[in-house]
Amino acid sequence: MTAATASPAEAQRLIERGATLIDIRNPDEHAREHIPGARNIPLSDIRNLPDDVSNGPLIFHCRSGMRTSANAAALISAADGARCYTLDGGLNAWKSAGMPTRIDRGQPLEIMRQVQLVAGGLVLTGIILGFAVAPAFFGLSAFVGAGLMMAGATGWCGMAKLLAILPWNRPARSI
């Protein structure tokens, strides 16, 4: 069995007929912006689909469609025989088609976007300081670059782990 692709308009029609829309992005990505009614089941948890989800057509989506395409076999396997679709172009295509999303700007930026901003800022700072102050500051750029290479090779990112525990990324406690 293969997962068919559905355009945003086709996905909307399928949802109106009872299909379940599943957002496979991480919870921090989903919290910041999502399609109304989408269930957030991160790719890392996709093998554990709740029983109430797997009894009808399923439409999987991510931000751009790349994660859903790359993991189509795992999604089909998790669907346990249910008809599967992937949202062609993901959330970006949904928004481009003029379909509604829920945005919560009170949520922090996604961790990977924070990593990109911090890493880029550190590399740029190292280069500027290396030219303006002392060549030893080029080491900062090299250190960040090595960390990014390690993260790409192993899937473990120390900067992401550090950013995740900072106060703005922790859920607010209720009193």
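Points worth noting:
- Residue check for residue 115: more than 30 Å from residue 40 (Cα to Cα) and not acidic (Asp, Glu): no
- Candidate set from segment 37-51 (those that are more than 18 Å from residue 85 (Cβ to Cβ) and either touching a residue at least 60 places away in the same chain (Cβ under 8 Å) or of a type outside the set (S, T, N, Q) (or both)); member that is most open to solvent (accessible area, probe 1.4 Å): 47
- Selection status of residue 100, in a loop (DSSP other than H, G, I, E, B), within 19 Å of the chain's Cα centre (by Cα) and surrounded by 14 or more Cβ atoms within 10 Å (Cβ to Cβ): no
- Any chance residue 93 is open to solvent by less than 50 Å² (accessible area, probe 1.4 Å), within 18 Å of the chain's Cα centre (by Cα) and at pLDDT below 95: no
- Segment 64-88, subset open to solvent by less than 20 Å² (accessible area, probe 1.4 Å) and not in a helix (DSSP H, G or I), residue nearest to residue 13 (Cα to Cα): 87
The values are calculated or read from the model by the stated rules, or taken from the named source; none is laboratory data. A quick note: this is a predicted structure, and the numbers were derived from the prediction, not measured. Note that each Cβ is placed from the backbone with ideal geometry, even for glycine, and that neighbours are counted across all protein chains shown. What goes into the accessible areas is simple: the full protein's heavy atoms, side chains included, and nothing from ligands, DNA or RNA. Shrake-Rupley method; radii C 1.70, N 1.55, O 1.52, S 1.80 Å.
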